[in-house]
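Scroll down for the structure; my scribbles are underneath it.
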Amino acid sequence: GHAQWRRPRVGSSVAACRGRHGVVRMLILGIETATQQVSVAIGGHEGVLGMFEVSRGRRHAETLTPAIEFLCRQADIEIAEFGAIAVDIGPGLFTGMRVGLAAGKAIAQALRVPMIGISSLDLLAFPLRYTDRTIAAVIDARKGELFYACYRPVPGGVQRVTDPRVSSVDDLVADLMARGQNVVCVGDGALRYREQISAGFHCDFAEQFLSHPSAAPLVQLAHARALREEWVNPWDSQPMYLRAPDAQINWATREAAK
């Protein structure tokens, strides 16, 4: 016969979804909306089973739910089969992060399954894990600022070596110069400010198709965390803002002007 599995409930052990041969058979829904791209993927112990991505067009809220429904239909998977929901928690665009996190929480609470939150910077760095250079994951924070963090390749993935931060392009260049290492930059922030970065520090830049976080590495990283039972209750999943939302900044500015 074939290995059987059942969904792990919040607080339950991963052992509850192990098959006869000890293989964890958990399906994970990955939701990524922290930047301009909307990305949804389904994956598990067999890897990524399906993915939907669009980087232009309708807004995140209008695209996400139909994307999830389309992907499940094409992969012949019912929503109720998911054992965990993985979400990109940022940093990134405030509205996009809220859309993805709200949708992930709603699905996780309805299914009574846990959530796994992973940083958008981790998702940018992970596809470059086979390089031998330092990886600078750089997201366009708008208003002339960047979200970024540096990583080094390690067996099986990447390891973050700096805390995620928000700063100017000049601060990023100064940080890279201080490190004095061979660097490859990845992300829409790196591409937008490519000339400015290159003028201050010589480094390489990853291809454009890698410039947005993707739900494919999201489900890969989430599955590894699920094996270690590194998940949270849906209501405990929080976004990584790094700076106050624009509306809050504008309100504070108006109050100061008064």
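The values are calculated or read from the model by the stated rules, or taken from the named source; none is laboratory data. These numbers come from a predicted model, not from an experiment. All accessible areas refer to the heavy atoms of the entire protein, side chains included, with ligands and DNA or RNA removed. Shrake-Rupley method; radii C 1.70, N 1.55, O 1.52, S 1.80 Å.
Under 5 Å between amide H atoms, partner at least 5 residues away or on a different chain: which partners does ILE89 have, H built in plane at 1.01 Å?
Long-range HN contacts for ILE89: ILE118, SER119, SER120.
Apply the Karplus curve 6.51 cos²θ - 1.76 cosθ + 1.60, θ = phi - 60°, to the phi angles in the range 26-37 and return the couplings in whole Hz, x for Gly and Pro.
So the Karplus estimates, Gly and Pro as x, are 10, 8, 10, 9, x, 10, 10, 9, 6, 10, 5, 8 Hz.
Could you do me a favour and compute the accessible area per residue for the range 32-151, 1.4 Å probe, result in Å²?
40 Å²
Which residues' amide hydrogens lie under 5 Å from the amide hydrogen of VAL161, considering only partners 5 or more residues apart or on another chain, with H built in the peptide plane?
For VAL161, the qualifying residues are CYS150, TYR151, ARG152.
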